[in-house]
Structures are given as C-alpha cells and as structure tokens.
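Below you'll find the structure, written out as structure tokens, and then a few comments.
No value in this document is a laboratory result; all are computed from the given coordinates. What you are looking at is a predicted structure, and each value in this text was computed from that prediction instead of being measured. Neighbour counts run over all protein chains shown; Cβ positions are idealised from the backbone, glycine included.
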Amino acid sequence: MDLSSVLIGLATEVGAPIVKQVLEQKFGRASGQIAEAVIKSIADNSGVSVEQLPEIIESRPAVVKDAIAVTEVIAPELVSLYARGLDGQFSLLQAETAEGPLQSGWRWGWMYLLGFFWTWVIVILPVVDLFGVEVPAIDLGILLTLTSWFIALYMGGHTVKELGKSALDAVKSWKTGA
C-alpha cells in the first residue's frame with residue numbers, strides 16, 4: 001500500500017486541500033520534507049507512529065480522517081515555517097557571498113585543511129612509517145587545538161562547550177573505571 005496515495009484519498013474525502021497538495025508534492029523540490037512533516041503530524045494526531053499508520057488506516061479510518069482534519073488546520077503554519085527556513089538559508093548565503101570569496105571561503109578552506117591534516121596523521125603517516133620513511137609528524141595537541149578553534153568559530157561556542165564537557169565526562173569515567 002502506498003501510504004501517500006491512501007492519505008491523499010482520505011484528505012480529499014475530508015476536504016483538506018493543503019494536506020492533499022503537500023502529499024502530492026506540489027511544492028517543488030522541498031516537497032518531500034514538508035510531506036514527511038505532514039505524515040508525521042497525521043500519525044501523531046492518530047496516536048500512532050508513522051510505521052503503524054497503514055494499520056490504523058485499515059482498522060480505524062475515521063481516526064485518521066480526524067487526524068488529517070487537525071493537520072489541515074496547522075498545515076499552513078508548517079509550510080510557512082519551512083518557507084521561512086529556506087528564506088533564512090538564502091539570506092545567509094547572500095550575506096556570505098556578498099562579502100567576497102575570502103569571507104565566505106575561510107570555512108571550507110579550514111575544513112579541507114583540517115581534513116588533510118587529520119588524514120595525514122591517521123592514514124598516511126602510519127602507512128609511510130611502515131616503509132621506514134622519515135616524515136615530519138604533526139603534533140596532535142596542536143591539531144586538536146586548531147580543530148577546536150575552528151569548531152568554536154564556525155559552529156559556535158556551545159559546540160566546543162559540549163565537546164569539552166563530553167571529553168571531561170569520558171576522562172572521569174575512564175579514571176573511575178566505570
């Protein structure tokens with residue numbers, strides 16, 4: 001059973017045109033994500049998980065119809081929320097590219113540089129060492145520091161704070177033997 005097709009039929013019966021349009025994926029490339037949110041809302045309002053939705057459609061279609069009607073009421077808000085998210089992403093992209101390639105390029109430049117350094121330390125250096133070739137190593141302390149700085153600047157301080165907290169918890173549990 002194609003869940004979307006069945007829900008489209010039920011949405012037509014209930015008179016839920018927005019839910020029907022979302023499930024028919026008439027909102028462009030992003031329709032899949034909005035449709036997932038609508039299906040999840042229908043399942044939640046039916047009191048079941050998305051996986052259990054086909055069973056409840058067969059056993060209690062009236063419950064699903066009521067859930068579709070409830071979802072229809074909040075569907076414009078779901079679409080609006082998604083549209084605002086896309087607008088925010090586009091605004092961020094415009095702001096970054098307006099500042100020039102240096103301002104927008106530092107992030108991907110650091111990502112590739114750090115990726116190369118970690119690949120060097122974890123993959124290439126051990127293989128080269130097997131052949132007895134002397135190659136300069138990168139100090140892991142410095143690499144961890146650079147990576148932490150990048151995470152702090154790019155992803156925000158909360159990421160570093162959580163990373164540090166997780167590391168401290170891991171060390172504490174390691175020392176206590178738990």
So if each residue of separation counts as 0.36 nm, and I subtract the Cα-Cα distance between Leu146 and Arg107, what length gain in nm does that give? 12.7 nm
With axes computed from alpha carbons, what is the tilt in degrees of helix 157-176 against the longest principal axis of the chain, rounded to the nearest 10 within 0 to 90? 70 degrees
Please list 3J(HN,Hα) in residue order for the range 55-71, calculated via the Karplus relation 6.51 cos²θ - 1.76 cosθ + 1.60 where θ = phi - 60°; whole Hz, with x for glycine and proline. 5, 6, 5, 6, 7, 9, x, 5, 5, 5, 4, 4, 5, 5, 4, 5, 5
Everything considered on the Cα gyration tensor (a ≥ b ≥ c; rounded for a/c under 1.5, else prolate if a/b is larger than b/c, else oblate), the range 23-178 must be described as prolate
Okay, which of the range 93-123 sit inside 20 Å, backbone N to the point 7 Å along the Cα-Cβ direction of Asp139? 114-122
If you take the beta carbon distance between Asp169 and Arg84 as r and set R0 to 45 Å, what does 1/(1 + (r/R0)^6) give as a FRET efficiency, to the nearest 0.05? 0.80
In order over the range 111-116: 3J(HN,Hα) from phi, Karplus 6.51/-1.76/1.60, θ = phi - 60°, whole Hz, x for each Gly or Pro, gives 4, 5, 5, 5, x, 5
J(HN,Hα) series, the range 125-130, from Karplus relation 6.51 cos²θ - 1.76 cosθ + 1.60, nearest Hz, glycine and proline x: 4, x, 5, 5, 5, 4
